[in-house]
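The values are calculated or read from the model by the stated rules, or taken from the named source; none is laboratory data. In this text, all values refer to a predicted model and were calculated from it rather than measured experimentally. In this analysis, Cβ positions are derived from the backbone assuming ideal geometry, glycine residues included, and neighbour counts consider all displayed protein chains. SASA here: full protein model, heavy atoms, side chains in, ligands and nucleic acids out. Shrake-Rupley method; radii C 1.70, N 1.55, O 1.52, S 1.80 Å.
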Amino acid sequence: MPDSTLSQELKQPKLLDEVHQYPRLHHYSIHTERSYVDWIVRFIRFHRMRSRDDLFPAEPKIEVFLTHLAVEGNVASATQNKAMNALVFLYKRVPGQSMEGSTNAVHADKKVNAPVVMTCDEVAAILSLLEGTPQLVAKLLYGSGLQIMEAVRLRVKEVDFQMKQLTVRSGKGDKTASPPFRPPWLPCFKPTSREPKLSTGKTWLRAPAKSIFLTRLPANTPRHHARHPHRRNNPEKLTRRSF
């Protein structure tokens, strides 16, 4: 009996491994996953936890941590809410954890700021100062409504020149969208002689290392492409603790 109990404890996954596993199974954004992990690690270090048993009782520990952020950390209300969401995720979503009751932490002051809206002339002036790839990304953000990472991860095959629309895959909420783009932007999509021709066969595999700009690709890309540079070197090395 003791041997079976010991074997079960040895097979139990680490806490942060479970924290990483749940968002990826449910297709959370990579930025949400990293944010949750960072706050959970800060929470663990703040209370100097050594094992899973140190997570309980949950409510007093969360209350002390959030109050520390508001009073001593002087964080914004949005930052405190992010920390709260990460801790609620830890106790409610990670298997084997539970959270009951409520917390009475000191809330950070919420500031109301008027949004800054640029006029059409101001946008045109800024775009005229840009050129090349930065100008194209700025146009996609302003004209097609793309987010920053959606524009950076856009691939050549996801630009439909006939329909004048883009295909944004795995966007916000892991959804696929098809926003349009303006016909005057067509010259911006043509590659220059200084850029590697990514759309011709496997030229990108032989391009110099300095000319390749790495970004996050679909999860199965290293498995489907045996010569992919990320097959042997994992680009994401997230911090993991010992429990």
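The table below gives the values:
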{"item": "Filter result (open to solvent by less than 50 Å² (accessible area, probe 1.4 Å) and touching a residue at least 24 places away in the same chain (Cβ under 8 Å)) within region 133-154", "result": "Gln135, Leu136, Lys139, Leu140, Gly143, Ser144, Leu146"}
{"item": "Evaluation of Asp121 against (1) at pLDDT below 90; (2) over 27 Å from the mean Cα position of the chain (by Cα); (3) at negative phi; (4) not polar (S, T, N, Q) (one fails), failing number", "result": "(1)"}
{"item": "Residues that are closer than 16 Å to Lys14 by Cα and assigned to a helix (DSSP H, G or I), drawn from region 46-60", "result": "Arg52, Asp53, Asp54, Leu55"}
{"item": "Condition check for Leu16: aliphatic (A, V, I, L, M), assigned to a helix (DSSP H, G or I), modelled with pLDDT under 90 and open to solvent by 80 Å² or more (accessible area, probe 1.4 Å)", "result": "no"}
{"item": "From Val112, Val116, Val123, residue being in contact (Cβ under 8 Å) with a residue 12 or more places away in the chain and aliphatic (A, V, I, L, M)", "result": "Val123"}
{"item": "Any hit, region 51-62, residues being closer than 21 Å to Tyr28 by Cβ, without any contact (Cβ under 8 Å) to a residue 12 or more places away in the chain and open to solvent by 80 Å² or more (accessible area, probe 1.4 Å)", "result": "no"}
{"item": "Count - residues of region 55-87 that are closer than 19 Å to Thr32 by Cα and in contact with a Phe, Trp or Tyr (Cβ under 8 Å, 6 or more places away or on another chain)", "result": "5"}
{"item": "Identity of the residue in region 155-182, more than 13 Å from Leu140 (Cα to Cα) and of a type in the set (S, T, N, Q), that ends up surrounded by the fewest Cβ atoms within 10 Å (Cβ to Cβ)", "result": "Gln162"}
{"item": "Region 24-37 residues that are exposed (fewer than 10 other Cβ atoms within 10 Å of the Cβ) and at pLDDT below 85, paired with ones that are among the acidic types (Asp, Glu) and not in a helix (DSSP H, G or I) (beta carbon under 6 Å, 6 or more apart)", "result": "none"}
